[in-house]
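The values are calculated or read from the model by the stated rules, or taken from the named source; none is laboratory data. Keep in mind that what you see is a predicted model, and the values were worked out from it rather than measured. Cβ sites come from the backbone with ideal geometry, for glycine too, and all protein chains shown count toward neighbours. For accessibility, only protein heavy atoms count, side chains too; no ligands or nucleic acids. Shrake-Rupley method; radii C 1.70, N 1.55, O 1.52, S 1.80 Å.
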Amino acid sequence: THSLLGGNARCRAMLQTFALLLQSYTPPPDTRDFRVDVDHSLLKPAFQYWTTQCRPHSVSMGNAFSFLKLAVANLERDLEWNEAREILLESLEAYVTERIQYAGKAISRHAGSKIQDKGDVILVFGRSEVINRLLLDAALTDGKTFRVIVVDSRPLLEGRDTLEILSRAGIQCTYVLLNALSYLMMREVTKVFLGASALMSNGSVLSRVGTACVALLANSNHIPVLVGCETYKICNRVQLESITGNELGDAEEVAFTDCARVGPSNRWGEEKKKDGSVLSDWKSQPNLKLLNLMYDLTPSSAVTGIVTEVGILPPSSVAVLLREMNPDSAFKGTD
């Protein structure tokens, strides 16, 4: 139903669900080590269920789950369960606060310094929580004057949410679809800000499908491309193309062009109009297949800088940052 979109939103929802599970869970009285019981009887089954029965987990969700497992493993064995549970709940709250909320503030500060006081024309694609935040901070807190071009694409049309947020804040906006991008890029745009679902160790950016098109076109026109990405979204995997590790969306969203979308939840209507075209009964066409990819991969060569909470870095420095931000360091020195 697309009721929950975005790496940060999905990660927060997962951690909130784990917090509810921990609050209602009690290890068996005859357990020898509650840490093993919590890991094998609670955390792993829940995470596997979400991955197999719902959408595949994002990199941010996988990293947060690894953090939670590490937090459980580093608890002292002789702790009472109620005390251990409070420690885990505090760790989850701290993770959301530090790695998502505070990181967003820092990214907004770093990226906002690249926006001129007047005259910038900034292009964004789709919807990104961290990009929306930095634009709002630049306009409302820093008092900078700029125009935003919101580029959108079917089938999710997430850019409508961005347009609503920015226009209600009094920011001058222009809304276009992806097929009008080349005209605007050559004539008006001064900077491009993009969000990210994941950051690969080779500096490539995994994000909503269409992001690579925007970044490559901006790069060919010598327009700086800045990608806002929290460090908890960094992945130690190397990916060279957009097929491996991608996610397939519902093909029905591609088949029907009426874009029956209700509000920011991106819910699609149950009733689809039959227009008599070949797409209206595509399932009965043996020589027709529909492909709805959720993400694409932007090569590091098309990215000017990666904006994280530790600063603005070149894509070539992602591997170094990954080593420095190893989640094991969060519990270094504990037994």
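For the chain, the relative contact order comes to 20 percent (Cα pairs under 8 Å, sequence separation of at least 6). For the listed peptides 300-310, 161-171, a ranking on the average number of other beta carbons within 10 Å per residue, highest first, reads 300-310, 161-171. Per residue, the accessible area of the range 1-154 comes to 49 Å², computed with a 1.4 Å probe over protein heavy atoms only. Farthest towards the positive end of the charge dipole of the chain, among the residues Thr52, Leu181, Thr145, is the Cα of Leu181, using unit charges on the Cβ of Lys, Arg, Asp and Glu.
Summarising the strand pairing of the chain, around 35 percent of its internal DSSP beta bridges are antiparallel. Computed extension length for Ala169-Tyr183: 2.4 nm, one decimal, from 0.36 nm per residue of separation with the Cα-Cα distance subtracted. Per atom type, the range 148-207 shows carbon and sulfur on 50% of its accessible surface, probed at 1.4 Å.
By the rule of a C-alpha distance below 18 Å, with chain neighbours fewer than 8 residues away ignored, the aspartates and glutamates paired with Lys118 are Asp137, Asp142, Glu188. Stretching the chain fully between Ser41 and Ser242 yields a gain of 68.9 nm (0.36 nm per residue, less the alpha carbon separation).
The Rg/Rh ratio for the chain is 1.00, where Rg is the radius of gyration of the alpha carbons and Rh is the Kirkwood radius. Taking the charge dipole of the chain about its Cα centre, with +1 at Lys and Arg Cβ atoms and -1 at Asp and Glu Cβ atoms, the residue from Val227, Ala73, Gln23 reaching farthest to the positive side is Val227.
Counting Lys +1, Arg +1, Asp -1, Glu -1, what net charge surrounds Ser317 among other residues with beta carbon under 13 Å of its beta carbon?
Charge balance in the 13 Å sphere: 0.
The modelled label-to-label distance for the pair Arg55/Asn221, using points 7 Å beyond Cα in the direction of Cβ, is 2.9 nm.
Mind ordering 192-204, 47-59 by average Cβ neighbours within 10 Å, highest first?
192-204, 47-59
Taking a 21 Å limit on the Cα-Cα distance, which of the listed pairs Lys69/Lys105; Lys191/Lys233; Lys114/Lys144 fall beyond it? In this structure, Lys69/Lys105; Lys191/Lys233 exceed 21 Å between Cα atoms. Using Cβ point charges alone (K and R +1, D and E -1), the dipole size of the chain about the Cα centre works out to roughly 980 debye.
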